[in-house]
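Worksheet for the structure shown next.
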Amino acid sequence: MESEIASEFLPFCRIYKDGRVERLIGTDTIPASLDPTHDVVSKDVIYSPENNLSVRLFLPHKSTKLTAGNKLPLLIYIHGGAWIIESPFSPLYHNYLTEVVKSANCLAVSVQYRRAPEDPVPAAYEDVWSAIQWIFAHSNGSGPVDWINKHADFGKVFLGGDSAGGNISHHMAMKAGKEKKLDLKIKGIAVVHPAFWGTDPVDEYDVQDKETRSGIAEIWEKIASPNSVNGTDDPLFNVNGSGSDFSGLGCDKVLVAVAGKDVFVRQGLAYAAKLEKCEWEGTVEVVEEEGEDHVFHLQNPNSVKALNFLKKFVEFIIG
């Protein structure tokens, strides 16, 4: 007999009284392949044996035939999914990264991280940071993965992510800026529809509806990060909070992408404005799609607006 449901957090997951977690969406996977689909090859490599976590690497097929001196921009990608669902192996992310790599002629490393509720925040941040260090351990050409040793240009490293992954990308760049002795040079970060939030609206145009605000708070406080002392004002979530200081952001440029119908749109715009006003010396580019919703470019990748955004993202990497 099926065990009783203890709680459910739609549309993400259901938790049973015996502790079992059932994810309701974002569970499909697609295998990596050395056959050049869309002129891109991919493979999975374990970077954290202790937590059984992998990265999925994507390489333009033509690069496999070129000499070791052929260096490509390196994109480290952090998937979204409310810290709860999805993975680098989801069709959503596998297919999107394939298109990015083909268009930008770059090497991409898509990072798997532990997810809530089994492993709540800050596990995801710890895992992504350890993956970044593992990737940079290849910078002298003697890491465990040939594709990274041979093809990654460590002068052109980009971090990118959407939703929860956009949030994590910001925090990783902040950490890279602080950890100067590690010499992690990140050229730019793409913060796409970032999941930034707070107890209070960020401005008069931010979501005022109490039900929507409490729904987002419930996902964060009960599932994603139940150990947060300040709830949605946890600095990991409330990135734009009054105490935040972006002046130490460890990259040269930031692409902030927002969608007009997205619940996070005002937070994303406030983040870009705060970056421009602080003492950080990099450049900020904002891309706003008026009539679109959260991660529209992943949900409908062949739409005109999604293809336009792909072009912007690619220009950010190769520009």
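The values are calculated or read from the model by the stated rules, or taken from the named source; none is laboratory data. Fair warning: this is a prediction, and the values are worked out from it, not measured in the lab. FYI the Cβ positions are ideal-geometry reconstructions off the backbone, even for glycines, and counts take in every protein chain you see. Protein only, heavy atoms only, side chains kept; ligands, DNA and RNA dropped before computing areas. Shrake-Rupley method; radii C 1.70, N 1.55, O 1.52, S 1.80 Å.
Figures for the structure shown
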quantity	calculated
Pair list, Cβ under 8 Å, 6 or more apart: the stretch 225-251 residue farther than 18 Å from residue 274 by Cβ, other residue aliphatic (A, V, I, L, M) and in a loop (DSSP other than H, G, I, E, B)	225/116; 225/121; 225/236; 227/121; 228/121; 228/236
The stretch 224-268: number of residues that are open to solvent by less than 40 Å² (accessible area, probe 1.4 Å) and part of a helix (DSSP H, G or I)	6
Unmet requirement for residue 95, which otherwise passes all of (1) more than 29 Å from residue 303 (Cα to Cα); (2) assigned to a helix (DSSP H, G or I); (3) open to solvent by 20 Å² or more (accessible area, probe 1.4 Å)	(1)
Those residues of the stretch 154-202 which are touching a Pro at 6+ places or on another chain (Cβ under 6 Å) and open to solvent by less than 50 Å² (accessible area, probe 1.4 Å), in sequence order	166, 167
Odd one out for residue 127, checked against (1) outside any loop (DSSP other than H, G, I, E, B); (2) open to solvent by 30 Å² or more (accessible area, probe 1.4 Å); (3) among the acidic types (Asp, Glu)	(2)
Scan of the stretch 1-36 for residues that are among the aliphatic types (A, V, I, L, M), closer than 22 Å to residue 219 by Cβ and out of contact with any strand residue (DSSP E or B) (no Cβ under 8 Å at 6 or more places or on another chain), ordered by number	10, 25
Which listed residue, of 35, 18, 44, 28, is among the charged types (D, E, K, R), touching a residue at least 40 places away in the same chain (Cβ under 8 Å) and part of a loop (DSSP other than H, G, I, E, B)	28
Selection status of residue 84, among the aliphatic types (A, V, I, L, M) and more than 21 Å from residue 22 (Cβ to Cβ)	no
Among the candidates 53, 59, residue that is among the aliphatic types (A, V, I, L, M), touching a Leu at 6+ places or on another chain (Cβ under 7 Å) and in contact (Cβ under 8 Å) with a residue 40 or more places away in the chain	59
Complete set of residues in the stretch 245-267 that are under 21 Å from residue 183 (Cα atoms) and of a type in the set (Phe, Trp, Tyr)	246
Complete set of residues in the stretch 2-15 that are in a strand (DSSP E or B), within 19 Å of residue 164 (Cβ to Cβ) and either open to solvent by 60 Å² or more (accessible area, probe 1.4 Å) or among the basic types (Lys, Arg) (or both)	none
Within the stretch 279-303, considering residues that are closer than 14 Å to residue 190 by Cα and out of contact with any Lys or Arg (no Cβ under 9 Å at 6 or more places or on another chain), the one surrounded by the most Cβ atoms within 10 Å (Cβ to Cβ)	295
